[in-house]
Amino acid sequence: MDLKEAQKKVDEWFEKSGSKKWPKFVIFARIIEEMGEIGKCMNVREGYQKKKVSELDDEFGDALFTFITLANEYNLDLNDVMEKVLEKYNKYI
């Protein structure tokens, strides 16, 4: 699935679920929370923690969903955003 399709599916989820769209700052806070969850998974995988946590792919999925939600709130086309950032990084090769 490309990023544009993912953005559409996230919007559809909000419509179908009846969930209110979250305020932008709440979305940002949730992204930070999900980054912490990814960090916990990494600590377990790298052997720094023994505590059982969620799977890394689940946490990346949650973070991506939330990140897409924020991009949608700002009407960003993530395909365009990704193309621009790759152009920028390709200058360093």
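The values are calculated or read from the model by the stated rules, or taken from the named source; none is laboratory data. Bear in mind that the values here come from a model prediction, so they are computed numbers and not experimental data. With ideal geometry, Cβ positions are generated from the backbone for all residues, glycine too; neighbour counts draw on all protein chains shown. For the accessible areas, the whole protein counts, side chains as well, though only heavy atoms, and no ligand, DNA or RNA atoms are used. Shrake-Rupley method; radii C 1.70, N 1.55, O 1.52, S 1.80 Å.
The figures follow:
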| quantity | calculated |
| --- | --- |
| Where Ser17 falls short, out of the listed (1) out of contact with any helix residue (DSSP H, G or I) (no Cβ under 7 Å at 6 or more places or on another chain); (2) open to solvent by 80 Å² or more (accessible area, probe 1.4 Å) | (2) |
| Test result for Trp22, of a type outside the set (D, E, K, R) and under 17 Å from Leu78 (Cβ atoms) | no |
| Helices (runs of 4 or more DSSP H) lying entirely in the chain (those with 3 or more residues that are at pLDDT 90 or above and among the β-branched types (Val, Ile, Thr)) | 24-45, 56-73 |
| Count - residues of the range 40-60 that are surrounded by 13 or more Cβ atoms within 10 Å (Cβ to Cβ) and in contact with a helix residue (DSSP H, G or I) (Cβ under 9 Å, 6 or more places away or on another chain) | 11 |
| Filter pass, Gln49 being of a type outside the set (Phe, Trp, Tyr) and touching an Asp or Glu at 6+ places or on another chain (Cβ under 8 Å) | no |
